[in-house]
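Student: Could you have a look at this structure, given as structure tokens, before my questions?
The values are calculated or read from the model by the stated rules, or taken from the named source; none is laboratory data. What you are looking at is a predicted structure, and each value in this text was computed from that prediction instead of being measured. Backbone-built Cβ (ideal geometry, glycine too); neighbour counts: all protein chains shown.
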């Protein structure tokens, strides 16, 4: 029998995490909110949701001491799911907060959509293209997910990309590298496709 | 391709849906949470709760409604009505809303839009604009559910709230609202051309062609509709199939 993996949702005080925890519950786990390094160490996998601005998030995570712990966690190859800002933070810098360093796990930068892409924020349901990797197992081609963001990462290493999306050009909608996964879209707001993705993430832990 | 969104709107007072929904076979058609779940399963792209409660007791009820909905529906949820302060915004977001819509308070205190956008991000802040035509190509902003005229021009006000940090505009034509004769295409096109944030068209939907028209000619990014869905005239899925058959990108 599989034992239930302990999922920690990193709470850095930037807002409501109810939809993230509830959707993880609906996908079959019992997540706990994590606010300290000690709590983090007790987890089998962590989910870093994203709300607010890049700079504030980095500041709050540093203040709680979790910044370095998350870097070590990821470098040790332990399971990670980043959502929105939890995706963008994996890179080195962001145009949203010049001067603030990201976690720097992957080389690359976070840039803002240019006005010719369309309305900003890119808000609503958009289709993924060229999905690959464990998060998308069993899903139809070109699934719709819910996006709301004005910035997106450009990974230097294109082999990390597990899905693209079109908005005034192609951008990397998600990445996967070993047990590290991250999405620009919001699985917790993406109804059935979001649930399928979260279940795939949970399955990948076994 | 980014899909055009279809957003049902539920008017709620004292924790109950006002215009009783007659679609599907709901155990309690007046329960906002049950209505939200039904729309969720129909494939609505988002949901809006408009709180029209007058009393403060009712407000606390609304927080509970939002919280219970957010626990069961994994779709974006906007709450509007009676939002006056940054604290009101915070309360609704913490209860589980993804976006909060403000109307009269933004007009009386435009700094509220800027402050709320600063604290919570533009993506969480919707400004609702109620507009009535004033002359050819001119629309005036009204408050208090369309009863009180202001000095504001709707297109200029839309540009101003976008500048202040609003992430989206919910644009209601007071002329079209309740008529079922179609959206105000001119108003929607004028605002959508002026601002670089998404515009949700509201007021006037009676047929599925009305949805097509405002998303196409009216250049809206999303449509808000109440009656045509609540009374079971059409399902969300029928609406989307109709739009798709007319070349409008939707999530089916």
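Student: Take the residues of segment A:163-178 that are surrounded by 18 or more Cβ atoms within 10 Å (Cβ to Cβ) and in contact (Cβ under 8 Å) with a residue 40 or more places away in the chain: which is farthest from the other protein chains (Cβ to nearest Cβ)?
Tutor: It comes out as A:177.
Student: Which is surrounded by 15 or more Cβ atoms within 10 Å (Cβ to Cβ), within 14 Å of chain B (Cβ to nearest Cβ) and not in a loop (DSSP other than H, G, I, E, B), of A:47, A:9, A:20?
Tutor: A:20 is the lone residue from the list that is surrounded by 15 or more Cβ atoms within 10 Å (Cβ to Cβ), within 14 Å of chain B (Cβ to nearest Cβ) and not in a loop (DSSP other than H, G, I, E, B).
Student: Continuing with the same structure: Please go through segment B:83-96 and give me each residue that is at the interface with chain A (Cβ under 8 Å from one of its Cβ atoms) and either surrounded by 16 or more Cβ atoms within 10 Å (Cβ to Cβ) or not in a helix (DSSP H, G or I) (or both), ordered by number.
Tutor: Within segment B:83-96, B:93, B:95, B:96 qualify.
Student: Looking only at segment B:197-215, decide whether some residue is in a loop (DSSP other than H, G, I, E, B) and within 14 Å of another protein chain (Cβ to nearest Cβ).
Tutor: To start, the set of residues in segment B:197-215 that are in a loop (DSSP other than H, G, I, E, B) comprises B:197-198, B:203-207.
Next, only the ones that are within 14 Å of another protein chain (Cβ to nearest Cβ) stay: B:197-198.
Yes, there is a match, as at least one residue in segment B:197-215 is in a loop (DSSP other than H, G, I, E, B) and within 14 Å of another protein chain (Cβ to nearest Cβ).
Student: Go through (1) touching a helix residue (DSSP H, G or I) at 6+ places or on another chain (Cβ under 8 Å); (2) more than 14 Å from chain A (Cβ to nearest Cβ); (3) not in a helix (DSSP H, G or I) one by one and return the number of the condition residue B:171 breaks.
Tutor: (2)
Student: Right, here's the next one. In the set B:239, B:190, B:176, B:154, which member is buried (at least 20 other Cβ atoms within 10 Å of the Cβ) and either modelled with pLDDT under 95 or within 14 Å of another protein chain (Cβ to nearest Cβ) (or both)?
Tutor: B:176
Student: Can you spot a residue in segment B:136-144 that is over 20 Å from residue B:186 (Cα atoms), in contact with a strand residue (DSSP E or B) (Cβ under 8 Å, 6 or more places away or on another chain) and in a helix (DSSP H, G or I)?
Tutor: No, segment B:136-144 contains no residue that is over 20 Å from residue B:186 (Cα atoms), in contact with a strand residue (DSSP E or B) (Cβ under 8 Å, 6 or more places away or on another chain) and in a helix (DSSP H, G or I).
Student: Which of (1) within 11 Å of chain B (Cβ to nearest Cβ); (2) touching a strand residue (DSSP E or B) at 6+ places or on another chain (Cβ under 7 Å); (3) crowded, with 22+ Cβ neighbours inside 10 Å; (4) within 26 Å of residue B:37 (Cβ to Cβ) does residue A:191 not meet, given it meets every other one?
Tutor: Unmet condition: (2).
Student: Something else about it: Quick check on my filter: what residues within segment B:219-233 are away from chain A (no Cβ under 14 Å) and either touching a strand residue (DSSP E or B) at 6+ places or on another chain (Cβ under 9 Å) or assigned to a helix (DSSP H, G or I) (or both)? So that I can check it myself, show each step before the final result.
Tutor: Within segment B:219-233, the subset away from chain A (no Cβ under 14 Å) is B:225-233.
Answer for segment B:219-233, where residues must be away from chain A (no Cβ under 14 Å) and either touching a strand residue (DSSP E or B) at 6+ places or on another chain (Cβ under 9 Å) or assigned to a helix (DSSP H, G or I) (or both): B:225, B:226, B:227, B:228, B:229, B:230.
Student: Give me the residue from segment A:112-162 that is assigned to a helix (DSSP H, G or I) and at pLDDT 95 or above and, out of that set, farthest from the other protein chains (Cβ to nearest Cβ).
Tutor: Within segment A:112-162, the match that is farthest from the other protein chains (Cβ to nearest Cβ) is A:159.
Student: If we scan segment A:56-70, do we find a residue that is surrounded by 18 or more Cβ atoms within 10 Å (Cβ to Cβ), without any contact (Cβ under 8 Å) to a residue 60 or more places away in the chain, under 21 Å from residue B:119 (Cα atoms) and within 14 Å of another protein chain (Cβ to nearest Cβ)?
Tutor: yes
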